[in-house]
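Scroll down for the structure; my scribbles are underneath it.
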Amino acid sequence: MSMNDAWFRDTGPTFVVSKRESSPSRPEPKVAGINWTFNSWGGVDDGCYQDWSLDLLVAKKILEIERLPRFPQTLILEGGSIHVDGEGTCLTTEECLLNKNRNPQLTKGQIENELKAYLGVKKVIWLPHGLYELHYKTKICRLSEITVFTKHNEQFQRLWNVVRIEGAREIVLGGGNIHCITQQQPAIHPPA
């Protein structure tokens, strides 16, 4: 398959499963794919590479090969910038989806509405920052139990010491737990 980069998690489709029962008179596919818009993690000015035209076709090609329905979506995001638990909750970062190089024309509420409509979630939890290139690394099976990894180094100490999790109150009141593990990072020293 032709592509500009080989990171399928970010360029490939997000698979969704229908909860509707299909009938013999009206069979419905159980699985479909969302084809998000990809812009090389930041577009012409901030992206990792200038030509991502082949990456834009990856999700479509995968869904064609698998003969699955495709839901095209103009929202710019990478698959690694969202995590859905299958129980109605999506985890994402403000740093990625609200970044001026992703969806500057959309408000947080509009992005949330799109995520809810396409992913079938009821709640979106926004983390302020990600751990790796604006994404987050989490160990999640259910979002009622979250382990969030934050990074810490001398340069970014103030930025990363506190992780604010919108919806944390609901998770805890619902009987869930939130664990925060600080990952030590080497200090970044400016060149002499």
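Working only within the range 6-19, note down all residues that are assigned to a loop (DSSP other than H, G, I, E, B) and either exposed (fewer than 15 other Cβ atoms within 10 Å of the Cβ) or at pLDDT below 90 (or both). Result: Ala6, Trp7, Ser18, Lys19.
Residues of the range 54-91 that are farther than 18 Å from Ser40 by Cα and touching a helix residue (DSSP H, G or I) at 6+ places or on another chain (Cβ under 7 Å): Arg70, Phe71, Val84, Cys90. Taking strands (runs of 3 or more DSSP E) as the structural unit, those lying wholly within the range 20-138 and holding at least 3 residues that are in contact with a Phe, Trp or Tyr (Cβ under 9 Å, 6 or more places away or on another chain) and buried (at least 16 other Cβ atoms within 10 Å of the Cβ) correspond to 31-37, 70-76, 89-93.
The values are calculated or read from the model by the stated rules, or taken from the named source; none is laboratory data. Please read these numbers as outputs of a predicted model, since none were measured by experiment. Backbone-built Cβ (ideal geometry, glycine too); neighbour counts: all protein chains shown.
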